[in-house]
Amino acid sequence: MPVTTAQPSSSIHHSPIFDELRAIQQRHRYLPAHELRALAERLDVPLFYLQGIASFYPHFYLQPPARAEVRVCDDMSCHLNGAATLLRSLEGRAAALAPGEMNVRPVSCLGRCDLAPAIVVNDAIYEGVTLTDGERLVENALNGTPTPLLVAPSRVRVAIDPYATPADRYGVVKRLALSGDCDGVIATLKVSALRGLGGAGFPTGIKWETVRNAPGDQKYIVCNADESEPGTIKDRHIMRHAPHLVVEGMIVAGLVAGATHGIFYIRHEYLEQERIVKEEIRACYAAGLLGDRVAGSNLKFDLEVFVSPGGYICGEESALLEAIEGKRAEPRNKPPFPALQGLWQKPTVINNVETFAFATAILARGPDWYKAQGVNGAAGSKFIGVSGHVKSPGVFEIPMGITYRQLIFEHAGGPVQGQQIKAFAPSGPAAGYLPASALDLPIDWAAMQKAGSTVGSGAVVVCDHRACMLDMALNAVRFFRNESCGKCVPCRVGSAKLTELLAAWTRGEHGPSDAVLVDELTHALRLTSICGLGQVVPAPIQTVLTHFKAEVDAHLASRRCPAGICQAGVRA
């Protein structure tokens with residue numbers, strides 16, 4: 001029985017379901033059955049609908065939680081920095097306690113890859129956690145003593161910011177409100193060749209123009225700030241240090257596309273960034289840059305923040321829209337594409353944080369400025385996150401065209417003392433792994449595509465010789481399995497089967513038809529999965545088989561892990 005959620009009021013354009021569920025969980029630490037029944041009556045939706053939504057998102061609890069609910073991130077960067085050992089230690093502590101005292105389990109990437117390993121204790125995220133830290137955090141939780149969070153570093157000015165002082169900000173919006181030259185905005189973006197910087201790379205100017213030309217009185221602008229793929233941390237950095245560039249980009253997109261409302265969709269783990277963005281939006285309303293008369297014009301644009309209910313799949317643009325509408329975040333079949341039928345089936349511009357920020361910078365400084373930022377024949381600049389086995393993990397603004405070697409050694413400090421780089425993922429698990437011999441590839445869209453890889457979202461994860469590449473392939477594939485929404489059979493079954501097979505390989509167990517099965521699963525996942533998640537599930541193991549086959553063969557032929565990782569027991 002399909003359930004249609006009603007469109008919200010004219011002032012708020014997202015479904016109230018998740019706000020209500022969060023409020024209930026904040027009161028009780030979980031979602032009691034009587035509260036769900038009351039909410040179903042209040043919202044006039046079936047109880048089974050609410051239960052289906054709450055059970056879909058791991059952030060919600062349907063049963064009373066333990067006194068200490070602990071989640072340990074064990075994806076890629078955290079995995080490389082001791083998360084597995086931390087997880088086993090905390091599991092041992094939980095086993096020694098009475099039932100209901102402590103519950104420990106892995107959790108998908110928390111967006112703290114540069115501060116690994118990260119854990120969650122009773123919904124509070126802690127970074128750079130050692131074994132001693134973990135024990136202290138758990139002890140405090142069991143005793144009811146809150147542990148202070150780390151104080152965030154001061155905000156800095158990003159290099160692409162065109163505004164010398166806060167008083168100069170929102171110059172692009174003010175000029176556009178005065179001139180009304182929307183065609184000029186689109187032309188500038190087209191000349192700049194700015195593409196979507198979330199990984200897909202669709203031309204920004206064409207997307208905005210498509211929504212502008214689409215029929216309809218109601219249109220939407222949505223910022224996708226739900227970066228949840230391991231290694232991806234750049235949008236967190238931009239929201240912290242340059243929220244005004246992102247908000248201005250959304251307002252400009254709204255005026256150009258003819259949209260009157262925008263939604264800033266942010267992952268629920270980014271509490272600090274949520275606060276910063278909300279403060280920026282409030283300041284814009286106070287300054288007359290949002291509301292019924294944008295910058296004194298007759299143009300209207302309102303902006304609200306929607307906090308994600310959680311899940312990597314929410315980063316897929318149509319799944320994100322489903323969540324805003326109060327549904328399970330399951331990708332839609334395409335076409336139609338969101339530019340024609342997006343939020344509430346209305347034409348919608350969806351871009352990520354970095355894209356909106358660069359749009360503002362380009363419109364303020366011009367396309368020639370943007371193109372001149374690149375080197376070695378490449379155009380533009382980019383924010384890149386570097387994590388894993390490096391001395392100075394973080395987010396760096398770099399010119400397109402420098403090599404990955406320059407990025408890692410000159411910006412991230414190179415490998416830790418006494419180690420050598422074995423491999424790197426140029427864009428988290430979705431791009432798979434490249435060997436150290438590929439470090440001299442330029443960070444350039446065309447060059448990386450020619451090399452069979454991608455710049456993607458700019459999530460570089462570095463592995464030194466202590467890493468086992470079969471273990472890293474399993475780690476990445478397992479992430480996709482855990483985050484599959486389950487809507488389509490190829491992804492739901494294929495990711496689970498591939499994880500099961502790779503876990504067996506790490507134990508030296510394999511069958512005569514395993515290689516054929518991996519190829520068949522790869523073929524099926526790439527061709528028949530509904531969305532990009534299923535299509536990239538095989539990338540980690542296929543790239544490892546291409547570049548590190550001898551390491552895999554050592555497991556299968558000799559039941560030996562050259563790095564000494566898999567003998568310790570790998571979690572499936």
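Every number here is computed from the coordinates shown, using simple stated rules; none is lab data. As the structure is a prediction and not an experimental result, all values here were calculated from the model. Here the Cβ is made from the backbone with ideal geometry for all residues, glycine too, and neighbour counts use every protein chain on show.
Here are the numbers:
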{"item": "Computed FRET value (nearest 0.05) for residue 206 with residue 278, which takes r as the C-beta separation and R₀ as 30 Å", "result": "0.45"}
{"item": "Residue 303 long-range amide H proximity, modeled H, under 5 Å", "result": "262"}
{"item": "Listed residue (555, 475, 565) projecting farthest to the positive dipole end of region 469-568, Cβ model", "result": "475"}
{"item": "For the chain, with +1 on Lys and Arg beta carbons and -1 on Asp and Glu, the positive-most of 242, 60, 268 along the dipole", "result": "242"}
{"item": "D (Stokes-Einstein, µm²/s), Kirkwood Cα radius, region 28-126, 1.002 mPa s at 20 °C", "result": "142"}
{"item": "Unit charges on C-beta of K, R, D, E only; dipole of region 166-368, Debye", "result": "280"}
{"item": "Contour minus Cα-Cα distance for residue 553 and residue 85 (0.36 nm per residue)", "result": "165.9 nm"}
{"item": "Cβ charges +1 (Lys, Arg) and -1 (Asp, Glu), total dipole of region 116-237, debye", "result": "640"}
{"item": "Segment residue 142-residue 190, extension gain: residue separation times 0.36 nm, minus the distance between their alpha carbons", "result": "11.6 nm"}
{"item": "Unit charges at the beta carbon, dipole of the chain: most positive-side option, 544, 374, 224", "result": "374"}
{"item": "Unpaired by the 4.7 Å Cβ criterion, cysteines found in the chain", "result": "109, 113, 182, 223, 284, 314, 463, 468, 485, 488, 491, 531"}
{"item": "Calculated percent of Cα pairs over 37 Å apart (choose from [x] 38; [y] 32; [z] 61), label", "result": "[y]"}
{"item": "Dipole moment magnitude, nearest 20 debye, the chain about Cα centre, only Lys, Arg, Asp, Glu C-beta charged", "result": "200"}
{"item": "Between region 453-505 and region 40-57, the alpha-carbon center distance in angstrom", "result": "32"}
{"item": "Per-peptide average of other Cβ atoms within 10 Å, ordering 51-63, 242-254 highest first", "result": "242-254, 51-63"}
{"item": "Shape call, region 166-368: gyration tensor on alpha carbons, a/c limit 1.5", "result": "rounded"}
{"item": "Projected label distance in nm at residue 546 and residue 156, using a 7 Å step from Cα toward the beta-carbon", "result": "3.4"}
{"item": "Which listed pairs, of 382/549; 327/487; 207/346, have C-alpha distances above 22 Å, in listed order", "result": "382/549"}
{"item": "Residue-count net charge about residue 330 - beta-carbon cut-off 10 Å; Lys, Arg +1, Asp, Glu -1", "result": "+2"}
{"item": "Spacing of the two label points (7 Å from each Cα toward its C-beta) at residue 465 and residue 23, in nm", "result": "5.9"}
{"item": "For residue 352, residues with placed amide H under 5 Å, excluding near neighbours", "result": "197, 198, 224"}
{"item": "Packing rank of 531-537, 395-401, 353-359, where each peptide gets the mean count of other beta carbons within 10 Å, highest leading", "result": "353-359, 531-537, 395-401"}
{"item": "For region 265-342: rounded, prolate or oblate by the Cα gyration tensor [a/c cutoff 1.5]", "result": "oblate"}
{"item": "Estimated inter-spin distance, residue 368 and residue 132, nm [label 7 Å along Cα→Cβ]", "result": "5.8"}
{"item": "Amide H contacts under 5 Å for residue 13, placed H, 5+ residues apart", "result": "none"}
